[in-house]
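Here's the structure we're looking at; comments come further down.
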Amino acid sequence: MKCYFYLLMGFGIAGINSCKTASKADNTSPLVGKLVISEICSHLVVSVESGNISPDKLTASFRDEKRATSFNNVFTIANTCNFEKTGIKEGDRFYFEIIPNKVQEECMVCMAYYPSPEAKLSITRIKKINR
């Protein structure tokens, strides 16, 4: 009788652990973005191509008059000093994560104006996707 009890407990624990693993994997899909605008004074705009991100954190549609192109699901990079170090260029696709709190940066950025989406996000763990 004890054997059956331990056997059932073992299956129960294994089943609970597999449920936790599956739900965690479902919620952590990587974010993929594309740098669609790279302009004077670190005006950087990313279009989100895939991953789970709340639509209220993005600008649904933005038109860049210089390129005569509209972009969907975009944001302006708020932490440009850190992003510039990655070497990602306009047109590159990359993985990234959102930093929940605003990042204080310590670099010089000129103040020239270039139209950018209102949505601003700080991002980290940036990794270029090889073509």
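Things worth noting here:
- Flag if Val48 is surrounded by 13 or more Cβ atoms within 10 Å (Cβ to Cβ), in a strand (DSSP E or B) and touching a Phe, Trp or Tyr at 6+ places or on another chain (Cβ under 6 Å): no
- Contacts under 6 angstrom Cβ, first residue in the range 46-57 being within 15 Å of Ile126 (Cβ to Cβ), partner in a loop (DSSP other than H, G, I, E, B), 6 or more apart: Gly51/Ser29; Gly51/Pro30
- Test: residue in the range 53-74 that is touching a Lys or Arg at 6+ places or on another chain (Cβ under 9 Å), basic (Lys, Arg), surrounded by 10 or more Cβ atoms within 10 Å (Cβ to Cβ) and modelled with pLDDT of 95 or more: no
The values are calculated or read from the model by the stated rules, or taken from the named source; none is laboratory data. Only a predicted model underlies this, so the values are computations on that prediction, with no experimental measurement involved. FYI the Cβ positions are ideal-geometry reconstructions off the backbone, even for glycines, and counts take in every protein chain you see.
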